[in-house]
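The values are calculated or read from the model by the stated rules, or taken from the named source; none is laboratory data. Because the structure is predicted, anything quoted here is derived from the model rather than measured. Side chains included, ligands, DNA and RNA excluded: accessible areas come from the protein's heavy atoms. Shrake-Rupley method; radii C 1.70, N 1.55, O 1.52, S 1.80 Å.
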Amino acid sequence: MRQYEVMYVLRPDLEEEKVKANVARYSEIVTNNGGEITKLQEMGKRRLAYEIQKFKDGFYVLMNFKANAEVVSETERLMKINDDVIRFLFVREDQ
């Protein structure tokens, strides 16, 4: 297992419960597939550096976890098809 970090930005017009559901969904994907979350930080609504899909703000979430590459690819696939996620970036942390 390797150490990864993902930051994803959710739409700013989502209700609080919908944001929590998305955060829980991606956390469960990692933990249910043998991964381990080391840090989960909901950073709240912040201004975007540039407009994305006509949104000027977004709800930022940072998650650090240990997992296999298959878990990363599955999480990435699900983020691509979810309209609530407007941007994401996975980074492998080298020791």
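In the chain, carbon and sulfur make up what percent of the accessible area (probe 1.4 Å)?
In the chain, the share of accessible area belonging to carbon and sulfur is 45 percent.
Which whole number in µm²/s is D for the chain by Stokes-Einstein, with the Kirkwood Rh taken over Cα pairs at 25 °C and 0.890 mPa s?
Values: Rh = 13.5 Å.
Stokes-Einstein gives a translational diffusion coefficient of 181 µm²/s.
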Can you list the lysines whose alpha carbon is less than 22 Å from that of K80, not counting same-chain residues fewer than 8 positions off? K18, K20, K45, K54, K56, K66
In order over the stretch 54-65: 3J(HN,Hα) from phi, Karplus 6.51/-1.76/1.60, θ = phi - 60°, whole Hz, x for each Gly or Pro, gives 6, 9, 9, 10, x, 9, 8, 9, 10, 10, 9, 7
On a C-alpha basis, how far is the centre of the stretch 66-95 from the centre of the stretch 14-41 in Å? Whole number, if you could? 12
In degrees between 0 and 90, to the nearest 10, how far off the longest principal axis of the chain does helix 69-81 point, with axes built from Cα atoms? 20
Once amide H atoms are placed 1.01 Å from N in the peptide plane, what residues at a sequence separation of 5 or more from F55, or on another chain, have their amide H within under 5 Å of its amide H? none
Please calculate how many Å² of accessible area the stretch 2-92 carries per residue, with a 1.4 Å probe and no DNA, RNA or ligand atoms counted. 59
